[in-house]
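What follows is a short report on a single structure.
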Amino acid sequence: MSWLDRLRGGFSKTAERVADNLTGLTSRAALDTATLEDIEEALIASDLGPEASHRVREAIARQKFERLDERGLRSILAEEIERILAPVARPLEVWGFPRPHVILVIGVNGSGKTTTIGKLGHWLREQDYGVLLAAGDTFRAAAIDQLQIWGSASSLR
């Protein structure tokens, strides 16, 4: 399994949270303003963010659905997230020199930062880079232990 495949797997937790928050919103008789507001609130509660949540809501509203099933909602959500990320998506480029490189990872709680950092560190070690992982989470001391586990070669194979 490639690093990218493992990273995609890490996003499953967030996807499950979004799905849980959207459950039942598409089973209503009509797709009215109140339902659109509920969908937007559910996306914000899922840590999608206000701007992205509003963009998804507007994308749904533009399509003028009488009813929207869960599959249709997920499809619109995926398409809109892809549109949001497309302009900034780039492969990670690590050059041999000058060294050292610093990669800062930020995000909301529970979004997979620590797991991603550990996997990224392991991948860089496989590329023959020396890696130092530093936990900056002042609220979750267990992040240091988690980084040590994810960063070890044996746990990622």
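General remarks:
- Cross-chain or 6+ apart pairs with Cβ under 6 Å, the stretch 43-72 first and of a type in the set (Phe, Trp, Tyr), then at pLDDT below 75: Phe65/Leu31
- Residue check, Glu93 closer than 20 Å to Thr35 by Cβ and either exposed (fewer than 11 other Cβ atoms within 10 Å of the Cβ) or not polar (S, T, N, Q) (or both): no
- Set Glu82, Glu58, Glu51: member being within 13 Å of the chain's Cα centre (by Cα), among the charged types (D, E, K, R) and modelled with pLDDT of 75 or more: Glu82
- Only a single item in (1) part of a loop (DSSP other than H, G, I, E, B); (2) at pLDDT below 75; (3) touching a helix residue (DSSP H, G or I) at 6+ places or on another chain (Cβ under 9 Å); (4) not assigned by TED's automatic domain parsing to the domain that holds Leu31 is not met by Leu68, and it is number (4).
- When Leu156 is tested against the conditions (1) among the hydrophobic types (A, V, I, L, M, F, W, C); (2) surrounded by fewer than 16 Cβ atoms within 10 Å (Cβ to Cβ); (3) modelled with pLDDT under 70, the lone failure is (2).
- Qualifying positions in the stretch 102-134 - at pLDDT 75 or above and aliphatic (A, V, I, L, M): Val102, Ile103, Leu104, Val105, Ile106, Ile117, Leu120, Leu124, Val131, Leu132, Leu133, Ala134
The values are calculated or read from the model by the stated rules, or taken from the named source; none is laboratory data. Every value quoted in this text rests on a predicted model; they were computed, and no experiment measured them. All Cβ positions, even for glycine, are placed from backbone atoms using ideal geometry, and neighbour counts span all protein chains on display.
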